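Report on the following structure.
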Amino acid sequence: LTQAVALEPNSADAQSNLGWALVNCERYEEARAALERSLALRPNAPVTWRNLAIALLRLKQGEAALDAATRALQLKPDDVDSWCNRSVAELMLRRWDAAAASAERALSFNPAHFEALVNKGLAHLELHHFELAEATFNTARAVRPSNAELLAHRGRLFMLSGRNAEAEAEFDAAVALDPGLQVGWQGKAQIAMLNGNIAQAMAACKRVLDQ
């Protein structure tokens, strides 16, 4: 791809393809630069705006990612992934109601979209709409029964709802599936503290620090 760009430096397609390849290689700053070069050449490309939003999300640049996702949607309003990207950016910016609405728009096009379901559940969790969050997470679990991050989100939901035994079981299941999942170990540490088990809490904290 780099050679293709060298041969065609003014090709929007070549720059866009390079940018997406760099996203997949986790070279996000370089990806952003390539995607922005592509958009300078062809600004009305919804897929390129969508991919730029993804790169910016990986760089934790919520406002810029929200702008890119919005541009993508202006060009292609039925793009499920761009609605999902927008909801992630809004979660990052702590705009819970907006995040829930964007996730709902994604689900209006694809009711089984896993990421949109998770985003909707997270937004309602932050709003303390616990019943709605649990129902949404349950739907997401039917789509992907063995997703460790989802189990950890369910654990946090149960913990905030005062259902500590269920929370502990979810966090245990999450780290069993993915022993490197920090949010799972963090949850285990919090539950152990709530249960007065200081030794277990310290062991879980150590696992977080060792990641």
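The values are calculated or read from the model by the stated rules, or taken from the named source; none is laboratory data. Bear in mind the structure is a predicted one, so any value in this text is a computation, not a measurement. Positions of Cβ are generated from backbone atoms using ideal geometry, with glycine treated the same way; all protein chains shown enter the neighbour counts. The protein model used for the area step is the full one, side chains on, heavy atoms only, and it has no ligands, DNA or RNA in it. Shrake-Rupley method; radii C 1.70, N 1.55, O 1.52, S 1.80 Å.
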Per residue, what accessible area does the chain have, given a 1.4 Å probe and all protein chains present, in Å²? 50 Å²
C-alpha long axis of helix 164-177 to longest principal axis of the chain, angle in °: 50 degrees
One quarter of the C-alpha convex hull surface, i.e. the mean projected area of the stretch 1-146 in nm², amounts to 8.7 nm²
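Where Lys and Arg each count +1 and Asp and Glu each count -1, what net charge lies around A167 among other residues with Cβ under 13 Å from its Cβ? Don't jump to the answer; show the numbers that get you there.
Numbers: positive: R154, R156, R163, K188; negative: E134, E166, E168, E170, D172.
Net charge around A167: -1.
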Calculate, for A176 and A112, the FRET efficiency according to 1/(1 + (r/R0)^6) with r their C-beta to C-beta distance and R0 25 Å; round to the nearest 0.05. 0.50
Using helices alone, I'd like the mean residue ellipticity at 222 nm for the chain: each DSSP H run of four-plus residues gives -39500 (n - 2.57), total over residue count, nearest 500. -25000 deg cm²/dmol
So the angle from the long Cα axis of helix 12-24 to the longest Cα principal axis of the chain, reported in degrees to the nearest 10, equals 20 degrees
On C-alpha positions alone, give me the angle between the axis of helix 46-58 and the longest principal axis of the chain, in degrees, nearest 10. 40 degrees
Which peptide among 62-71, 198-207 comes first, and what is the full order, when sorted by highest mean count of other Cβ atoms within 10 Å? 62-71, 198-207
Within 10 Å, count the other beta carbons around each residue, average over each peptide in 143-149, 100-106, and list them highest first. 100-106, 143-149
Report, to the nearest whole %, how much of the accessible area of the stretch 63-211 belongs to carbon and sulfur atoms, 1.4 Å probe, protein only. 53 percent
Projected onto the charge dipole of the chain (+1 at Lys/Arg Cβ, -1 at Asp/Glu Cβ, origin at the Cα centre), which of W49, S11, Q61 gives the Cα projection farthest towards the positive end? Q61
